[in-house]
Ligand code: AMP
Ligand code: ZN
């Protein structure tokens, strides 16, 4: 077993656990973007979010919902960013599906999802793009 997150789940690598049940494991990020930065992952090893089935993804996000409320209460947050890096090109450094919960407070000078990438794709062909996606389910 080479996966670092699988090792965290099994306990062979220590972590600051915040939640665990049959399906998911949540712990503090060792290089936090803000205080309380938490990672939630499925116990089952799956590399990419796009490889998950609907049930596994639902279970994961259901837990993210519950855990995010606890993180919010624990630190009296004003908000949070919740998201995933899917694939190396998007910044995924650990190939085991995980969701970041990044606490936010007024005045923290952070950004939003809109700061992740800007390729200036234009908006004139949005109807075609939507059609393309609708045709790809
Ligand atoms: P990503 O870049 O989306 O793949 O996220 C991986 C995250 O895991 C990074 O934010 C790292 O700081 C975090 N990380 C890596 N190793 C550990 C570890 N041993 N304990 C806690 N967090 C870790
Ligand atoms: Zn793994």
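Read-outs throughout are calculated quantities, based only on the coordinates presented, and are distinct from any laboratory measurement. This is a predicted model, so every value here is computed, not measured. Note that we place each Cβ from the backbone using ideal geometry, even for glycine, and neighbour counts take in every protein chain shown.
Just subtract the alpha-carbon distance of residue 21 and residue 125 from 0.36 nm times their residue separation and send over the number in nm, one decimal.
Separation in residues times 0.36 nm, less the Cα-Cα distance, equals 33.0 nm.
Counting only C-alpha contacts under 8 Å and six or more residues apart, can you give the relative contact order of the chain as a whole percent?
For the chain, the relative contact order is 23 percent.
Quick one: among 80, 113, 52, which has the greatest mean-square fluctuation in a GNM of the chain with alpha-carbon springs under 10 angstrom?
113
Would you list 37, 96 from fewest to most Cβ contacts within 10 Å?
Least crowded to most crowded, the residues run 37, 96.
If you take the C-alpha gyration tensor of the chain, multiply each eigenvalue by 5 and take the square root, what semi-axes do you get, largest first, in whole Å?
27, 21, 14
Can you tell me the 0 to 90 degree angle between the C-alpha axis of helix 54-75 and the longest principal axis of the chain, rounded to 10?
70
What ranking do 98, 114, 45 get, fewest neighbouring Cβ atoms within 10 angstrom at the top?
With the sparsest Cβ surroundings first, the list reads 114, 45, 98.
Mean-square fluctuation check for the chain, GNM, Cα pairs under 10 Å: which of 85, 125, 109 is largest?
Comparing 85, 125, 109 in the GNM, the peak value goes to 125.
Among 94, 18, 117, which comes first, second and so on when ranked by fewest other beta-carbon atoms within 10 Å?
Least crowded to most crowded, the residues run 117, 94, 18.
Fully extended, how many nm does the chain gain between residue 30 and residue 50 (0.36 nm per residue separation, minus their Cα-Cα distance)?
4.7 nm
Sum -39500 (n - 2.57) across every DSSP H segment of at least 4 residues in the chain, then divide by the residue count to get the 222 nm mean residue ellipticity, nearest 500.
Result for the chain: -8500 deg cm²/dmol, rounded to the nearest 500.
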